[in-house]
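In what follows, a single structure is set out as C-alpha coordinates and then discussed.
The values are calculated or read from the model by the stated rules, or taken from the named source; none is laboratory data. Predicted model only: the values in this text are computed from it and were never measured. Because the Cβ atoms are built from the backbone with ideal geometry, glycine has one as well, and the counts that use them run over all protein chains shown.
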Amino acid sequence: SILLCDGNGACVTSNAVCAPYTCLDAEGCKESCLVDADCLPTHRCDDGACVPREPSCDGEVFVDADGNHDDCAPYSCDPASPSCKTSCQSAADCAPGFVCDGAGQCVAAPSGAEPAGDGGCGCRTAGAPSSAAVPSFAALALALAAARRRRRPAGTPR
(Lines give C-alpha, C1' and ligand atoms only; values in the text may rest on other atoms or scores of the structure.)
Protein backbone atom coordinates (compact mmCIF):
# COMPACT_ATOMS: atom_id res chain seq x y z
CA SER A 1 0.00 0.00 0.00
CA ILE A 2 1.01 3.63 -0.53
CA LEU A 3 0.08 6.92 1.04
CA LEU A 4 -1.98 9.41 -0.97
CA CYS A 5 -3.42 12.77 -0.12
CA ASP A 6 -7.14 12.72 0.59
CA GLY A 7 -7.66 16.20 -0.85
CA ASN A 8 -8.09 17.69 2.62
CA GLY A 9 -4.40 17.74 3.48
CA ALA A 10 -4.36 14.33 5.17
CA CYS A 11 -2.53 11.24 3.96
CA VAL A 12 -4.48 8.02 3.62
CA THR A 13 -3.44 4.47 2.78
CA SER A 14 -4.46 3.36 -0.69
CA ASN A 15 -3.81 0.48 -3.04
CA ALA A 16 -4.53 2.59 -6.13
CA VAL A 17 -2.44 5.22 -7.87
CA CYS A 18 -4.75 7.70 -9.55
CA ALA A 19 -2.25 9.38 -11.85
CA PRO A 20 -2.80 11.33 -13.98
CA TYR A 21 -6.12 12.00 -12.19
CA THR A 22 -6.60 13.08 -8.59
CA CYS A 23 -8.31 11.01 -5.94
CA LEU A 24 -12.08 10.90 -5.93
CA ASP A 25 -12.06 9.93 -2.26
CA ALA A 26 -10.12 7.56 0.01
CA GLU A 27 -11.54 4.61 -1.93
CA GLY A 28 -11.08 5.49 -5.58
CA CYS A 29 -9.84 7.71 -8.36
CA LYS A 30 -11.41 10.13 -10.76
CA GLU A 31 -11.61 8.67 -14.26
CA SER A 32 -12.19 11.91 -16.15
CA CYS A 33 -11.77 15.62 -15.59
CA LEU A 34 -13.79 18.78 -15.90
CA VAL A 35 -11.09 21.25 -14.80
CA ASP A 36 -7.30 21.22 -14.43
CA ALA A 37 -7.67 20.69 -10.67
CA ASP A 38 -9.00 17.18 -11.41
CA CYS A 39 -5.53 16.32 -12.75
CA LEU A 40 -2.07 16.12 -11.22
CA PRO A 41 -0.11 19.41 -11.41
CA THR A 42 1.98 17.95 -14.27
CA HIS A 43 -1.19 17.48 -16.34
CA ARG A 44 -4.09 19.60 -17.60
CA CYS A 45 -7.69 18.74 -18.47
CA ASP A 46 -8.34 18.54 -22.22
CA ASP A 47 -11.80 17.39 -23.39
CA GLY A 48 -12.36 15.27 -20.26
CA ALA A 49 -8.91 13.64 -20.20
CA CYS A 50 -5.81 14.55 -18.21
CA VAL A 51 -2.96 15.12 -20.66
CA PRO A 52 0.67 16.03 -19.93
CA ARG A 53 1.50 19.73 -19.67
CA GLU A 54 3.86 19.89 -22.61
CA PRO A 55 3.83 21.88 -25.82
CA SER A 56 2.69 20.20 -29.05
CA CYS A 57 1.53 20.85 -32.59
CA ASP A 58 -2.04 20.35 -33.73
CA GLY A 59 -1.70 20.57 -37.49
CA GLU A 60 -0.55 24.13 -38.25
CA VAL A 61 -1.32 25.32 -34.70
CA PHE A 62 1.12 25.44 -31.77
CA VAL A 63 -0.39 24.34 -28.42
CA ASP A 64 1.54 25.50 -25.34
CA ALA A 65 1.85 23.56 -22.07
CA ASP A 66 -1.31 25.18 -20.71
CA GLY A 67 -3.36 24.28 -23.81
CA ASN A 68 -3.37 27.75 -25.38
CA HIS A 69 -3.48 27.68 -29.20
CA ASP A 70 -1.39 29.88 -31.50
CA ASP A 71 -1.76 29.74 -35.29
CA CYS A 72 1.74 29.53 -36.83
CA ALA A 73 0.76 31.03 -40.23
CA PRO A 74 2.46 31.86 -42.46
CA TYR A 75 4.79 29.10 -41.18
CA SER A 76 3.99 25.54 -40.17
CA CYS A 77 4.30 24.08 -36.68
CA ASP A 78 7.36 21.86 -36.21
CA PRO A 79 6.34 18.82 -34.12
CA ALA A 80 10.00 17.97 -33.43
CA SER A 81 10.57 21.15 -31.39
CA PRO A 82 7.43 21.70 -30.96
CA SER A 83 7.20 25.34 -32.02
CA CYS A 84 6.25 27.55 -34.94
CA LYS A 85 8.90 27.62 -37.65
CA THR A 86 10.43 31.04 -38.34
CA SER A 87 12.06 30.39 -41.72
CA CYS A 88 11.62 27.98 -44.61
CA GLN A 89 13.62 25.87 -47.03
CA SER A 90 10.58 24.63 -49.00
CA ALA A 91 6.80 25.09 -49.17
CA ALA A 92 6.50 22.18 -46.71
CA ASP A 93 7.77 24.58 -44.01
CA CYS A 94 4.88 26.97 -44.75
CA ALA A 95 1.22 26.89 -43.78
CA PRO A 96 -1.34 26.09 -46.51
CA GLY A 97 -1.75 29.02 -48.92
CA PHE A 98 1.87 30.12 -48.48
CA VAL A 99 5.09 29.33 -50.36
CA CYS A 100 8.77 29.67 -49.51
CA ASP A 101 10.52 32.53 -51.30
CA GLY A 102 14.23 32.76 -52.15
CA ALA A 103 14.95 34.61 -48.89
CA GLY A 104 13.66 31.73 -46.73
CA GLN A 105 10.42 33.50 -45.83
CA CYS A 106 6.88 32.11 -46.19
CA VAL A 107 4.83 34.46 -48.36
CA ALA A 108 1.29 34.31 -49.73
CA ALA A 109 1.07 32.02 -52.76
CA PRO A 110 0.58 33.99 -55.98
CA SER A 111 -2.97 33.94 -57.31
CA GLY A 112 -3.45 31.36 -60.04
CA ALA A 113 -0.54 29.30 -58.75
CA GLU A 114 -0.55 25.62 -59.58
CA PRO A 115 -2.01 23.43 -56.81
CA ALA A 116 0.54 21.59 -54.68
CA GLY A 117 -0.74 18.25 -56.03
CA ASP A 118 1.88 18.21 -58.82
CA GLY A 119 4.71 18.38 -56.29
CA GLY A 120 5.46 21.96 -57.29
CA CYS A 121 6.92 21.00 -60.67
CA GLY A 122 4.20 22.29 -62.95
CA CYS A 123 6.28 21.28 -66.00
CA ARG A 124 4.25 20.87 -69.17
CA THR A 125 5.18 20.17 -72.81
CA ALA A 126 3.91 22.92 -75.06
CA GLY A 127 1.78 21.68 -77.96
CA ALA A 128 1.71 18.07 -76.83
CA PRO A 129 -1.31 16.35 -78.42
CA SER A 130 -4.03 15.18 -76.16
CA SER A 131 -5.03 11.52 -76.25
CA ALA A 132 -8.29 12.53 -77.99
CA ALA A 133 -6.35 14.02 -80.92
CA VAL A 134 -4.80 10.69 -82.01
CA PRO A 135 -8.10 8.94 -82.96
CA SER A 136 -9.29 12.14 -84.70
CA PHE A 137 -6.12 12.30 -86.79
CA ALA A 138 -6.42 8.62 -87.76
CA ALA A 139 -10.06 9.09 -88.86
CA LEU A 140 -9.06 12.10 -90.99
CA ALA A 141 -6.25 10.12 -92.67
CA LEU A 142 -8.64 7.25 -93.53
CA ALA A 143 -11.22 9.67 -94.95
CA LEU A 144 -8.59 11.32 -97.18
CA ALA A 145 -7.34 7.94 -98.42
CA ALA A 146 -10.90 6.83 -99.28
CA ALA A 147 -11.60 10.08 -101.13
CA ARG A 148 -8.39 9.77 -103.14
CA ARG A 149 -9.24 6.21 -104.10
CA ARG A 150 -12.65 7.27 -105.45
CA ARG A 151 -11.15 10.08 -107.58
CA ARG A 152 -8.93 7.79 -109.69
CA PRO A 153 -10.27 7.30 -113.21
CA ALA A 154 -11.25 3.80 -114.29
CA GLY A 155 -8.42 1.82 -115.81
CA THR A 156 -5.71 3.67 -113.86
CA PRO A 157 -3.28 1.23 -112.24
CA ARG A 158 -3.30 1.26 -108.53
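A compact table of results
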{"read-out": "Hey, ASP93 at pLDDT 90 or above, farther than 30 Å from PRO20 by Cα and of a type in the set (D, E, K, R) or not", "value": "yes"}
{"read-out": "Selection within the stretch 10-21 - among the hydroxyl-bearing types (Ser, Thr, Tyr), surrounded by 16 or more Cβ atoms within 10 Å (Cβ to Cβ) and at pLDDT below 85", "value": "SER14"}
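Residue-wise test of (1) in contact with a His (Cβ under 9 Å, 6 or more places away or on another chain); (2) surrounded by 12 or more Cβ atoms within 10 Å (Cβ to Cβ); (3) at pLDDT 95 or above.
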residue	(1), (2), (3)
ARG53	yes, yes, no
ASP66	no, no, no
CYS72	no, yes, yes
SER76	no, yes, yes
CYS106	no, yes, yes
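Let's see how each residue does on (1) among the polar types (S, T, N, Q); (2) farther than 18 Å from SER83 by Cα; (3) in a strand (DSSP E or B); (4) touching a Gly at 6+ places or on another chain (Cβ under 8 Å):
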residue	(1), (2), (3), (4)
CYS33	no, yes, no, yes
ALA37	no, yes, no, no
ARG44	no, yes, yes, yes
CYS50	no, yes, yes, no
GLU54	no, no, no, no
CYS57	no, no, yes, no
GLY67	no, no, no, no
